[in-house]
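A.B. asks: Sharing a structure below in C-alpha cells format, with a few things to ask.
A short reminder: the numbers here are calculations on the coordinates, not readings from a lab. The structure presented is a predicted model; accordingly, all values stated were derived computationally and were not measured. Cβ sites come from the backbone with ideal geometry, for glycine too, and all protein chains shown count toward neighbours.
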Amino acid sequence: MTNSTGAGLNTGLTEQMYIDLLKKCLTGSGVAVRVGTILPPRGTLKRAVFDVVRTLLARRRLILAKLRPEDAGDDPDWQSPGETMMGIQRLNNLQNCIEGVLQDNVPGDFIETGVWRGGAVIFMRALLKVHRETRRTVWVADSFQGVPKPDSRRYPHDSGDQHWTKDYLAVSLEDVKANFARYGLLDDQVRFLPGWFKDTLPTAPIYELAILRLDGDIYESTADALQHLYPKISRGGYVIVDDYGAIRGCKAAVDDYRALHHIREPMELVNDRQRSCVYWQKGR
C-alpha cells in the first residue's frame, strides 16, 4: 500500500494508521471531541462563567472542535494543546519531504531549529522508526529559553518584535525530552543542541543534512540557522521555513540569504490558505 501523502515509499496499513494517529496526537486534534461536551445547567452562575470562557477561548482558536486542523499554527498567538502548533497539513508536508529523501537515498540527518514542545522532531524520529532507518540522527536545536531578545542594531528587521516576551514559547530541555519519552522515541538517534543558535550551530557536529526545518521566528535565529546549516544540506534535501509568510524578520532573513548565495530553487507554499510555511528542494 502506498502511503497517503504520496511520497512513493511503500507503507503498510498499520504503519500509516500509526502515522495518522501520531499527527492527531501531536497537534492535539485527537482530543477535540472531549472539549466542552459536559456543560453546566443553563441559568446557573457556573454555566454563565463557562460560556464567557468558551467564547474567549474560541476567539483564541483553542477549541479544536471548531478548528480545522490544517489551520493550526496560522495564528502566532495560538497555542496547541499538543506538542506542535504546525497543523496537519504542515505535518503532511514534513512527511512528504522526509519520505522523499528516504526514497531517493539523499544522504544526511534531520534538524529543526526552534522546536517548542518537540512535535516536529518527535515526528521526524517516528518516521525514521517506521521506515527502519537507523543511520540518520534527528537534531533538536533550541535555546529552551524562548526567543532571544531582538538585537535591533545588528538586525533591524527584528526591531519591535515581541516573541521574546511570550513565556509560553520557552519550553525546557527536560520537558522536550519527556515528550520524546512519552512517545517511546527518546533514544540514541536523537541529539540535543541546547543554547542560542549563534553559540551552538557553528560548532555542532553535524556534517550532512537531508532535512532542515526552520522555526526560529525572527531574523537573527533564521539567519544563524541558514548561515551555519544550509551549506551542509545535500543536493536533493529540503529546507522548510515555518513562518516565512507570517513574520517579517523570518521572511527577510530567508530572502537575504537566498539573494546573497544566488539560490534559485523555487519556494513552494505548503498550502495556499495560510501563505505562511514554505519549502524548497536543494538542486541536484
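A.B. asks: In whole angstrom, note down how far apart the Cα centers of the stretch 119-179 and the stretch 255-284 are.
C.D. replies: The two parts, judged by their Cα centres, are 20 Å apart.
A.B. asks: Related question: Which whole-number percent of Cα pairs in the stretch 88-281 have a distance greater than 32 Å? Please list the in-between numbers first.
C.D. replies: Working: 1576 of 18721 pairs.
It works out to 8 percent of all Cα pairs.
A.B. asks: Net charge around G283, counting only other residues with Cβ within less than 12 Å of its Cβ (Lys, Arg = +1; Asp, Glu = -1)?
C.D. replies: On the way: positive: R235, R264, K282, R284; negative: E265.
Residues close to G283 contribute a combined charge of +3.
A.B. asks: Compute, for the stretch 224-266, the length of the dipole vector about the Cα centre, with Cβ point charges of +1 (Lys, Arg) and -1 (Asp, Glu) only. Units Debye, rounded to 20.
C.D. replies: Around 160 debye, computed over the stretch 224-266.
A.B. asks: What is the dipole size for the stretch 137-284, taken about its Cα centre, with +1 at each Lys and Arg Cβ and -1 at each Asp and Glu Cβ, in debye to the nearest 20? Present the calculation step by step, with values, prior to reporting the outcome.
C.D. replies: On the way: 19 positive and 22 negative charges, 89 e Å.
Its charge dipole is roughly 420 debye.
A.B. asks: Just want the ordering: C25, C277, from fewest to most Cβ atoms lying within 10 Å of their own Cβ.
C.D. replies: Result, fewest neighbours first: C25, C277.
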